[in-house]
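J.: Below you'll find the structure I mean.
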Amino acid sequence: FVDKYNNILSQEKNIQRKLQFSQYKEKNANKILKDVQRQLEEYIKNRFGSAIINQIYSKIEPHKRFTRLQYKLGFDKNGNPEMYRIALNETDSDLMPELFFSSAQLNTVALSIFLGGALSISEPKLNTILIDDPIGHFDDINVLSFIDVLRTIINKTNWQIIISTHEENFYEIMKVKLSSEYYNSKFFVFESEGRIIQDK
């Protein structure tokens, strides 16, 4: 009986040691995971231009309460890493824009991320951004704010922006606000299929 008891006690000590070692390994693994996640978040912030995205987002009439955008890292139910964007308010409460925002607000998010990401590229091979019909679901204030963002980009960077649109009002506003008298801008119209002419 004493031998059995000592044997069980010895097994229990071994199990305790293994358990402590497993807990130690788990603690280290969690620390490494948090460090990697922090580094990855920092890389994403720099690579995807979070600061520029938020500058653009704040100028194109964002959501009234959720005025900042951020990339967030997480894991799905299978443990696979995933990256998604969230909108934050002044108390850092967050939500996923695609679940709560209107079409116009989602378009603002998309344009901000697209332009901010493009402008954050270091040493691009071609400093050109192509945008097709960017103002879907925008109201007049959004349109004017977006054109102001374009004007800022034209003034402060060496990026060329090419925009195509079938929205005549948007085109006419751009001709006024981005006049070739003051900016290095050109306007073209499709006269017929395959034929474009410069709009004077």
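The values are calculated or read from the model by the stated rules, or taken from the named source; none is laboratory data. All of these numbers come straight from a predicted model, not from anything done at the bench. Cβ: placed from backbone, ideal geometry, glycine included. Neighbour counts: every protein chain shown. We work out accessible area using only protein heavy atoms, side chains counted, and drop any ligands, DNA or RNA first. Shrake-Rupley method; radii C 1.70, N 1.55, O 1.52, S 1.80 Å.
J.: So H137 passes all but one of these: (1) open to solvent by 60 Å² or more (accessible area, probe 1.4 Å); (2) modelled with pLDDT of 90 or more; (3) not charged (D, E, K, R). Which condition number does it fail?
T.: Only one criterion is unmet by H137, namely (2).
J.: To continue, here is another question. Can you tell me which condition G79 does not meet? The list is (1) of a type in the set (G, A, S); (2) out of contact with any strand residue (DSSP E or B) (no Cβ under 8 Å at 6 or more places or on another chain); (3) in a strand (DSSP E or B), and all the others hold.
T.: (3)
J.: Let me ask another. What pairs come up if the first residue lies in region 39-54 and is among the aromatic types (F, W, Y), the second is at pLDDT 80 or above and surrounded by 14 or more Cβ atoms within 10 Å (Cβ to Cβ), and their beta carbons are under 6 Å apart, counting only those six or more places apart or on different chains?
T.: Note: pairs meeting the criteria are F48/G117.
J.: Right, here's the next one. So Y71 fits all but one of (1) open to solvent by 80 Å² or more (accessible area, probe 1.4 Å); (2) in a strand (DSSP E or B); (3) in contact with a helix residue (DSSP H, G or I) (Cβ under 6 Å, 6 or more places away or on another chain); what number is the exception?
T.: Every listed condition holds for Y71 apart from (1).
J.: Does at least one position in region 177-200 carry a residue that is under 19 Å from I60 (Cβ atoms) and touching a strand residue (DSSP E or B) at 6+ places or on another chain (Cβ under 9 Å)?
T.: no
J.: I'd like the residue in region 99-128 that is among the small types (G, A, S) and not in a helix (DSSP H, G or I) and, out of all such residues, is modelled with the lowest pLDDT.
T.: S122
J.: Select from region 1-58 the residues that are of a type outside the set (G, A, S) and not in a helix (DSSP H, G or I) and write down the one among them that is surrounded by the fewest Cβ atoms within 10 Å (Cβ to Cβ). Break it down into steps so the answer makes sense when it comes.
T.: The first filter runs over region 1-58 and keeps only residues of a type outside the set (G, A, S), leaving 1-9, 11-21, 23-28, 30-48, 52-57.
From the residues that got through so far, the ones that are not in a helix (DSSP H, G or I) too are 1, 48.
Details: F1: 5, F48: 17.
Here the residue is F1.
J.: Return the residues of region 140-151 that are open to solvent by 50 Å² or more (accessible area, probe 1.4 Å) and either without any contact (Cβ under 8 Å) to a residue 60 or more places away in the chain or within 21 Å of L126 (Cβ to Cβ) (or both); say none if nothing qualifies.
T.: D140, L144, R151
J.: Considering only residues that are over 12 Å from E61 (Cβ atoms) and assigned to a helix (DSSP H, G or I), which ones fall in region 148-163?
T.: L150, R151, T152, I153, I154, N155, K156
J.: Continuing with the same structure: Considering every residue within region 77-96, establish whether at least one is touching a residue at least 40 places away in the same chain (Cβ under 8 Å) and surrounded by 13 or more Cβ atoms within 10 Å (Cβ to Cβ).
T.: The answer is no, given that none of the residues of region 77-96 is touching a residue at least 40 places away in the same chain (Cβ under 8 Å) and surrounded by 13 or more Cβ atoms within 10 Å (Cβ to Cβ).
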